[in-house]
Amino acid sequence: MSSDEMKRQAARAALRHLPEAGVLGLGTGSTTRFFIEAVGELVRGGRAYQGVPTSIDSRRLAESCGIPLLADDGPWQIEVCVDGADEVSPSLDLIKGGGGAHTREKVVSNAAKRNIIIVDATKLVARLGQTRKVPLEVLSFGYQTTLAALRAFGAPELRLVNGAPLRSDAGNFIVDLATGELAEPAQLDQALHALPGIVETGLFLGRADVVVVAGADGIRELVRGR
Ligand code: A5P
């Protein structure tokens, strides 16, 4: 089965977690894309959903799918947020931000009653940091000083596109911090949040309620606390 087909299956399997109507958080990335398209089909079929997109890209896609959207300002009463992830640990902690959208994603996930994560099986790891760096959204002001401070935690690398720093939707820089496997992700998250200049980290700890995993052998669901 192709990677895209697994992502599509995870996205469609998440539909069973949706309420009959209400506000949905719409994540960002190649897996969530399939979910947003599926929600568009449900809306065209008569379901009364409104979306809160987690990025400009997801807003555009959701608009093109005909999903009514709420303003970025909030406040929102989000029933369920569905989003992808870059790594998922056995305790359902996540690394996100491969697309640089993790700050908005975290704001939306924090406002949601339930968080459903959709991934293909390649995202499952024994420990966070095993395959991915930790994305950080960083103020451009003083970023060289922030990079220097980050060297206490690993090897930070400014994310570039065509030789120029990638800007988040909020206009900030993205830094990828190579840490190796993380024994204590919460400690790292706390230390990173204590650094001025760090807007948000891509460590999503204790936030996922259900992770829907698509693999060659079908769909399975990992549920927090089980
Ligand atoms: C966006 O910045 C990310 O947090 C994505 O949700 C994450 O990278 C998963 O993306 P894919 O579904 O494209 O792998």
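Which of the chymotrypsin sites (Phe, Trp or Tyr not before Pro) found in the range 1-79 are loop residues per DSSP with 12 or fewer other Cβ atoms within 10 Å of their Cβ?
Sites meeting the loop and neighbour criteria: none at all.
Using a 10 angstrom cutoff on alpha carbons, build the Gaussian network for the chain and name the most mobile of Gly98, Gly27, Gly46.
Maximum among the listed residues: Gly46.
Could you work out how much longer the chain between Gln130 and Gln190 gets when fully extended? Use 0.36 nm per residue separation minus the Cα distance between them, nm to one decimal.
19.6 nm
Of all beta bridges DSSP finds with both residues in the chain, what is the antiparallel percent, to the nearest 5?
55 percent
Once every Cα of the range 54-100 carries one equal point scatterer and solvent is ignored, give the base-10 log of I(q)/I(0) from the Debye formula at q = 0.17, 0.22 Å⁻¹, two decimals.
Result of the Debye calculation: -0.69, -0.97.
Once every DSSP H run of n ≥ 4 in the chain is given -39500 (n - 2.57) and the sum is divided by its residues, what mean residue ellipticity at 222 nm do you get, rounded to the nearest 500 deg cm²/dmol?
Values: 6 runs with 61 residues, N = 226.
Estimated from H runs of four or more residues: -8000 deg cm²/dmol.
When a/c reaches 1.5 or more, the comparison of a/b and b/c decides; with that in mind, is the range 78-151 rounded, prolate or oblate per its Cα gyration tensor? Mind showing how you got there, number by number?
Values: a/c = 2.75, a/b = 1.37, b/c = 2.01.
It is oblate, given that a/c is not under 1.5 and a/b is not larger than b/c.
A short reminder: the numbers here are calculations on the coordinates, not readings from a lab. Here the structure is a predicted model, which means the values were calculated and not measured. Reconstructed Cβ throughout: ideal geometry from the backbone, glycine too, with neighbour counts over all protein chains shown.
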